[in-house]
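The values are calculated or read from the model by the stated rules, or taken from the named source; none is laboratory data. Every value quoted in this text rests on a predicted model; they were computed, and no experiment measured them. Note that we place each Cβ from the backbone using ideal geometry, even for glycine, and neighbour counts take in every protein chain shown. We work out accessible area using only protein heavy atoms, side chains counted, and drop any ligands, DNA or RNA first. Shrake-Rupley method; radii C 1.70, N 1.55, O 1.52, S 1.80 Å.
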Amino acid sequence: MSTKTESRDKAEGKGTVQTYGNFIDGKWQKAKSGETFASISSADQNEVVGHFALSGPDDVKAAVDAAERAFTAWRRTPAPARAELLFKAAQLLEARKEELARTMTREMGKVLKEARGDVQEAIDMAKYMAGEGRRLFGQTVPSELPNKFAMSVRAPIGIVGVITPWNFPVAIPSWKMFPALVAGNCVVFKPATDTSACGVMLVEILNEAGFPPGVINLVTGGGGKVGMALVNDPRVHAISLTGSTTVGRQVAGRCGELMKRISCELGGKNAICVMEDADMDLVIEGAVWGSFGTAGQRCTATSRIIVHTKRYKEFCEKFVERTKQLKLGNGLDADVEVGPVVNRSQLESIHEYVEIGKKEGAKLLYGGNILTHGEFANGCYHEPTIFGDVKPDMRIAQEEIFGPVTAIIEVKSFEEALKVANGTDYGLSLSMYTQDVNRAFMAMQELESGIVYINAPTIGAEIQLPFGGVKQTGNGHREAGVAAIDQFTEWKSIYVDYSGRLQKAQIDAYETHE
Ligand code: UN1
């Protein structure tokens, strides 16, 4: 099975393709079935990045057994000592940033600069959550009774199931695992099958940082067998999931039946609003980055651009002009700006939306094709695609496409822009470009989303503020920032009565003498 040194060579694609196991109870091990699956490169579907354990419920059970054994000692470990391991993990992530980023680009396609950003987001989170080890604030409040002390502390939930997507394969697992760990939980981690190599490398690093056996476990494989086994195991007390709204609804439904804590970060239909007074050069750069960064495969991607009628024509022309200059190709090439999308089925689903947009009567202003010629032949490449004359109720303006396709909608006023921006089932990230301070503040107040940007696109959240959305984007939880700890702790309220007598709350302090 993989050792640290072996897997370092493997991840860089040297020599033959290697097979990686699950990480359970501090040991790398095969799936009980002995079966494996391949993770293949988005830029070249003939290139296998690695083979991974095709796990099932038995493997999940073994991982949960290990987590259960580790939990008591881990929760009793002082939080600052738990945090030291996260500091160490931050250093190891920094040391292996380039290697991780290259693996990520090979495995899921995002361009190298962005892959480095993805790893950086995990480093930032490791440092932030390591700091939490010396905070994890509770409250002390005055009691209404004399000689009585009242306080609250945070207690870990227990075993947390972490189910993550392929689009931020290092950052998103870190958003979930690091706060869970510093708070004293044990983790069973199921990465997306498309980014199993990134998942393995991240766990190798955490193992090297010195987390005790059983505290972090990795089980690779599909959502139906591995993810649902985690959801169904009564000893897993909380699930943290980032994925599609369809999967989120299914998982949250089951967790509801089991009275299990579930936090979901799901789809988005994010929009930039461009007012008549906007700085157009700034808008164009932001719109291109928001729409086509990560080939549009961010929950936060700009998939609608709502433009005031006075700037509509100018915006469309300049946006198309700038988009034409984007260089597509293998994300490992330094000058490439847009890489492939993750896999064939995503490619087809994105392209279906292009056909839907055309049928709905939107005007295809640029792109619209799957690329199959020359260097693109073996990869999953879709042209950056721009639709104009989109009506707010069209499917391409309502449904998450998760690819490099964006829809431009013309509006006549600021109020109409807000209405259109808010007019979807999602509420992750919305943005307003204006020079008018009153409108900027009005937008902050009125936009219905977990994240609001002024004069910046819908992507680029930093880890020190809460991340998540309203409406069907989530179920009320937030990742990152101070809010992240709430997902992974229970409040315990403690009263210490040192009066030496029975004191009755709500009664003794209010006794009336008739
Ligand atoms: C996601 O797409 O799920 O704000 C995460 C951003 C990144 C995170 C995106 N920092 O675009």
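Would a scan of the range 234-243 turn up a residue that is open to solvent by 10 Å² or more (accessible area, probe 1.4 Å), within 16 Å of the ligand (Cβ to nearest atom) and either over 25 Å from residue 292 (Cβ atoms) or assigned to a loop (DSSP other than H, G, I, E, B) (or both)? Within the range 234-243 (the criterion being open to solvent by 10 Å² or more (accessible area, probe 1.4 Å), within 16 Å of the ligand (Cβ to nearest atom) and either over 25 Å from residue 292 (Cβ atoms) or assigned to a loop (DSSP other than H, G, I, E, B) (or both)), the answer is yes, since at least one residue qualifies.
Within the range 139-154, restricting attention to residues that are under 25 Å from residue 83 (Cβ atoms) and in contact (Cβ under 8 Å) with a residue 40 or more places away in the chain, the residue that is nearest to the ligand (Cβ to nearest atom) is 154. Answer yes if at least one residue in the range 171-188 is within 16 Å of the ligand (Cβ to nearest atom), open to solvent by 10 Å² or more (accessible area, probe 1.4 Å), touching a residue at least 24 places away in the same chain (Cβ under 8 Å) and touching a helix residue (DSSP H, G or I) at 6+ places or on another chain (Cβ under 7 Å), and no otherwise. For the range 171-188, residues within 16 Å of the ligand (Cβ to nearest atom), open to solvent by 10 Å² or more (accessible area, probe 1.4 Å), touching a residue at least 24 places away in the same chain (Cβ under 8 Å) and touching a helix residue (DSSP H, G or I) at 6+ places or on another chain (Cβ under 7 Å): present. Only a single item in (1) open to solvent by 10 Å² or more (accessible area, probe 1.4 Å); (2) β-branched (Val, Ile, Thr); (3) within 16 Å of the ligand (Cβ to nearest atom) is not met by residue 157, and it is number (3). Just one of the listed residues (485, 409) is outside the structural domain of residue 342 (by TED's automatic domain parsing), modelled with pLDDT of 95 or more and open to solvent by less than 80 Å² (accessible area, probe 1.4 Å), namely 485. It is to be established whether one or more residues within the range 361-384 are in contact with a helix residue (DSSP H, G or I) (Cβ under 6 Å, 6 or more places away or on another chain) and in a helix (DSSP H, G or I). Scanning the range 361-384 turns up no residue that is in contact with a helix residue (DSSP H, G or I) (Cβ under 6 Å, 6 or more places away or on another chain) and in a helix (DSSP H, G or I).
Selection of the range 118-132 for residues being within 14 Å of the ligand (Cβ to nearest atom) and either touching a residue at least 24 places away in the same chain (Cβ under 8 Å) or more than 15 Å from the chain's Cα centre (by Cα) (or both) yields 118, 119, 121, 122, 123, 124, 125, 128. Total residues in the range 337-384 satisfying the condition of being closer than 26 Å to residue 285 by Cβ, in contact (Cβ under 8 Å) with a residue 60 or more places away in the chain and open to solvent by 20 Å² or more (accessible area, probe 1.4 Å): the figure is 1.
Scanning the range 343-381 for residues that are among the aromatic types (Phe, Trp, Tyr) and within 24 Å of residue 409 (Cα to Cα) returns 353, 366. Looking at residue 37, is it open to solvent by less than 40 Å² (accessible area, probe 1.4 Å), part of a strand (DSSP E or B) and in contact with a Leu (Cβ under 9 Å, 6 or more places away or on another chain)? The answer is yes for residue 37. For residues that are open to solvent by less than 60 Å² (accessible area, probe 1.4 Å) and within 13 Å of the ligand (Cβ to nearest atom), tally how many sit in the range 431-462. The qualifying residues number 12. If you take the residues in the range 277-307 that are more than 14 Å from the ligand (Cβ to nearest atom) and out of contact with any strand residue (DSSP E or B) (no Cβ under 6 Å at 6 or more places or on another chain), which one is farthest from residue 168 (Cα to Cα)? Checking each candidate, the answer is 277. The residue that is farthest from residue 183 (Cα to Cα), among those in the range 135-144 that are in contact with a Phe, Trp or Tyr (Cβ under 9 Å, 6 or more places away or on another chain) and open to solvent by less than 80 Å² (accessible area, probe 1.4 Å), is 143. Being among the aromatic types (Phe, Trp, Tyr), within 15 Å of the ligand (Cβ to nearest atom) and either in contact (Cβ under 8 Å) with a residue 24 or more places away in the chain or within 20 Å of residue 298 (Cα to Cα) (or both) is the requirement here; does residue 426 meet it? Here the answer is yes, as residue 426 does meet what is asked.
So which residues in the range 189-200 are more than 15 Å from the ligand (Cβ to nearest atom) and crowded, with 24+ Cβ neighbours inside 10 Å?
189, 190, 196, 197, 199, 200
Just to be sure before I move on: is residue 89 within 19 Å of residue 184 (Cβ to Cβ), under 23 Å from the mean Cα position of the chain (by Cα) and in contact (Cβ under 8 Å) with a residue 60 or more places away in the chain in the structure I sent? For residue 89, the condition - within 19 Å of residue 184 (Cβ to Cβ), under 23 Å from the mean Cα position of the chain (by Cα) and in contact (Cβ under 8 Å) with a residue 60 or more places away in the chain - is met. Scanning the range 259-306 for residues that are β-branched (Val, Ile, Thr) and over 17 Å from the mean Cα position of the chain (by Cα) yields 272, 274, 283, 284, 288, 305, 306.
Answer yes or no: is there a residue in the range 276-287 that is modelled with pLDDT of 95 or more and closer than 19 Å to residue 176 by Cα. For the range 276-287, residues modelled with pLDDT of 95 or more and closer than 19 Å to residue 176 by Cα: absent.
Within the range 279-317, being under 28 Å from residue 468 (Cα atoms), surrounded by fewer than 24 Cβ atoms within 10 Å (Cβ to Cβ) and aliphatic (A, V, I, L, M) holds for 282, 284, 288.
Within this structure, residue 187 fails the test of being in contact with a Gly (Cβ under 6 Å, 6 or more places away or on another chain) and among the hydrophobic types (A, V, I, L, M, F, W, C).
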